[in-house]
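Have a look at the structure below, then the notes.
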């Protein structure tokens, strides 16, 4: 049996590996490390959880142990599809290179450019980055890739899914053609194969498992759910998930729950918290500090259930995940392999449950075609019926993106039914009746019925007008001859107003109140 001591690694690297507790390499490590140490291009194909990270980290450190880095010109480049995977590679580098003087820089989004620029300016031996942030630094003139000796592309098929292939091609063109390339992927899509044919020089193909296979240590179950109503499918799936977790009991020490949409990640996490489960969400829209804190909590056991989008489906090395739950059937068949690969790692046993509704039939067919076998069918756990009934008793809140049923909304241009609006005649009668009643009450009311304040107000009005006229006259006298023309016009208006009789509501009913109103429509 091959051991790490047989792989011609640098003694300092070998010492760090032994201290980390590793003696025997995995199959892909045993095949890829010797070829990489000889300077050949390597194309590694292996299912997730087989130790691909050490397959390129150990020979990379051994090769770079001689020489020194120059400012803004890294000696090696490691590309990862997600921030979490890039951070994980950086952690592995710290473990295996702790007895060397090699330096590294981690370039990922969600972190200040300033600190990253300082590291690059000092010069780094290993540059670990996501494609987008790497090109941002290059376009800002802070980075040169002409000194790259070794280039590593990790999880290449995930790069394809995330749309990074054009960025990868551009980065390849910015590096010297004399570089050594280590290319790792779990699957080999046609686009991935095209890139390897274009940028790798006579690569050694290392394949330790058939493409898109799942580990034998993972017990898989497909739980088929037929919702009682289409609009209750989401709530009943949540009830099914809770029942599955409770049925596993203490055997479910921790678990990753995968959803297809980020909004569903948040909803499922809030639902589990509401029912007393220790759960936290993680997806691409969260701040990087929150994502890092959540992953750290899941690793150290303070978070039991990690509800995630596919950002956590690949590459994350969390060895002791006991369960994986697919709340949604993945729309890409390859993602199923990567999701359930989060459990059953390093020879451990694990369980993977997938909840499927009739609308997922085409996705299931693609997964079974990829795996070339049927997924084992399971039965709903005990207590699911009660949990579903409890969820049905509560009104379901509409989520963002949900649309009402066809019967709930009228067609375009369609008016509401006649019975929902009062007839036009009833509206007219309602509006006119109070006015007519008021007019009749005023006409027929006796003089004594008029409120006293109104009568007193009408009697006091001439006295107020007289006082107003006297005050205006005094003001005109103070102004003198200034504005004589305006003063005459003002005096004329005031005189006319003083001479005009003032009629109050108590003495006379205004004509507009005596007018006849339109007869009711027959």
Just checking, which of 205, 242 is modelled with pLDDT of 90 or more and assigned to a helix (DSSP H, G or I)? 242
Quick check on this structure: which one of 177, 183 is part of a loop (DSSP other than H, G, I, E, B), assigned by TED's automatic domain parsing to the domain that holds residue 57 and within 23 Å of residue 38 (Cα to Cα)? 177
Would a scan of the stretch 109-117 turn up a residue that is buried (at least 18 other Cβ atoms within 10 Å of the Cβ) and over 15 Å from residue 182 (Cβ atoms)? yes
Being touching a residue at least 12 places away in the same chain (Cβ under 8 Å), under 29 Å from residue 344 (Cα atoms) and either more than 33 Å from the chain's Cα centre (by Cα) or in the same structural domain as residue 338 (by TED's automatic domain parsing) (or both) narrows it down to one residue among 128, 45, 61; which is it? 61
Residue 85 vs. criteria in the same structural domain as residue 112 (by TED's automatic domain parsing), closer than 18 Å to residue 124 by Cβ and within 30 Å of the chain's Cα centre (by Cα): no
Qualifying residue in the stretch 313-325 (condition: within 19 Å of residue 264 (Cα to Cα), in contact with a helix residue (DSSP H, G or I) (Cβ under 7 Å, 6 or more places away or on another chain) and modelled with pLDDT of 90 or more): yes
Please go through the stretch 81-99 and give me each residue that is crowded, with 17+ Cβ neighbours inside 10 Å and assigned to a loop (DSSP other than H, G, I, E, B), ordered by number. 81, 82, 97
Pull out all pairs, ordered by first then second residue, where Cβ-Cβ is under 9 Å, the residues are six or more apart or on different chains, the first lies in the stretch 309-326 and is buried (at least 24 other Cβ atoms within 10 Å of the Cβ), and the second is at pLDDT below 70. 313/48; 314/48; 315/48
What is the one condition in (1) assigned to a strand (DSSP E or B); (2) assigned by TED's automatic domain parsing to the domain that holds residue 156 that residue 257 does not satisfy? (2)
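Residue-wise test of (1) within 18 Å of residue 50 (Cβ to Cβ); (2) free of Cβ contacts under 8 Å to residues at least 12 places away in the same chain.
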position: 174; (1), (2): no, no
position: 179; (1), (2): no, no
position: 186; (1), (2): yes, no
position: 203; (1), (2): no, no
position: 207; (1), (2): yes, no
position: 232; (1), (2): no, no
position: 249; (1), (2): no, yes
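The values are calculated or read from the model by the stated rules, or taken from the named source; none is laboratory data. Since we're looking at a predicted model, the values are computed, not measured. With ideal geometry, Cβ positions are generated from the backbone for all residues, glycine too; neighbour counts draw on all protein chains shown.
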